[in-house]
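In what follows, a structure is listed as C-alpha cells, so that the remarks can point back to it.
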C-alpha cells in the first residue's frame, strides 16, 4: 500500500460504514468471479456467491490473505472487528466479527486504494476457485 493510501486511512468513515460498503464490494467481486467461471444458471450463480459470502468463508479467505496485509490494513480489520454488529443466522460471534473486520478493510481499500484492492483480489481469486472446485 502506498504511503498516501496509508495516510488516507486516517480520514475514513466509521468501521461499520466501511463494513457495509465492503460487503457490497465483496459481493460484486464474487459475482464477477462466478460469471468469469462460465456459470450462467441461477442456482449455480447463487450457490457460488452464497458459499463464499458467508462469514466462515470470509474468515478463511482473510486468513489466506493475512500474511500479505500491511500493519495499517490489519489495523482497519481490528477496528472493524471491534464494531458491535448483530450475528447472522448461521454464524458464531467470533466469525461474524472477523468477517466484519475483513469487510471493513475491503470498504476502506475500495475508497482509498483500488489498486491495492485489485492486488488482494488477484491473491483471493485462486483461493476462492480452489475452494469452489473442492466443494463440487
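The values are calculated or read from the model by the stated rules, or taken from the named source; none is laboratory data. Computed from a prediction, not measured in an experiment: that's the story for all the values here. Positions of Cβ are backbone-derived with ideal geometry, glycine not excepted, and every protein chain shown enters the neighbour counts.
Only one of the numbered conditions (1) modelled with pLDDT of 95 or more; (2) under 27 Å from residue 130 (Cα atoms); (3) within 14 Å of the chain's Cα centre (by Cα) is violated by residue 42, and that is (3). Residues that are part of a helix (DSSP H, G or I), out of contact with any strand residue (DSSP E or B) (no Cβ under 6 Å at 6 or more places or on another chain), under 16 Å from residue 15 (Cα atoms) and in contact (Cβ under 8 Å) with a residue 24 or more places away in the chain are absent from segment 53-61 altogether. Within segment 1-19, the residues that satisfy the criterion of being within 20 Å of residue 124 (Cα to Cα) and modelled with pLDDT of 95 or more are 18, 19. In segment 86-98, the residues that are farther than 20 Å from residue 74 by Cβ reach residues that are at pLDDT 65 or above and part of a loop (DSSP other than H, G, I, E, B) with C-beta atoms within less than 7 angstrom, at least six apart or across chains, in these pairs: 90/54. When restricted to residues that are surrounded by 16 or more Cβ atoms within 10 Å (Cβ to Cβ) and in a helix (DSSP H, G or I), segment 26-50 contains 9.
Taking residues in segment 30-49 that are touching a residue at least 60 places away in the same chain (Cβ under 8 Å) and on the phi > 0 side of the Ramachandran plot, and partners anywhere that are surrounded by 12 or more Cβ atoms within 10 Å (Cβ to Cβ) and outside any helix (DSSP H, G or I), not one pair has Cβ atoms closer than 6 Å while being at least 6 places apart or on different chains. For segment 78-134, filtered to residues that are out of contact with any helix residue (DSSP H, G or I) (no Cβ under 6 Å at 6 or more places or on another chain), at pLDDT below 90 and in a helix (DSSP H, G or I), the residue that is surrounded by the fewest Cβ atoms within 10 Å (Cβ to Cβ) is 134. When you check residue 64 against the structure, is it over 11 Å from the mean Cα position of the chain (by Cα), under 12 Å from residue 103 (Cα atoms) and either part of a helix (DSSP H, G or I) or in contact (Cβ under 8 Å) with a residue 24 or more places away in the chain (or both), yes or no? Taking the combined requirement at face value, the residue does not satisfy it.
Checked against the criteria, residue 74 does not count as touching a helix residue (DSSP H, G or I) at 6+ places or on another chain (Cβ under 9 Å) and surrounded by 18 or more Cβ atoms within 10 Å (Cβ to Cβ).
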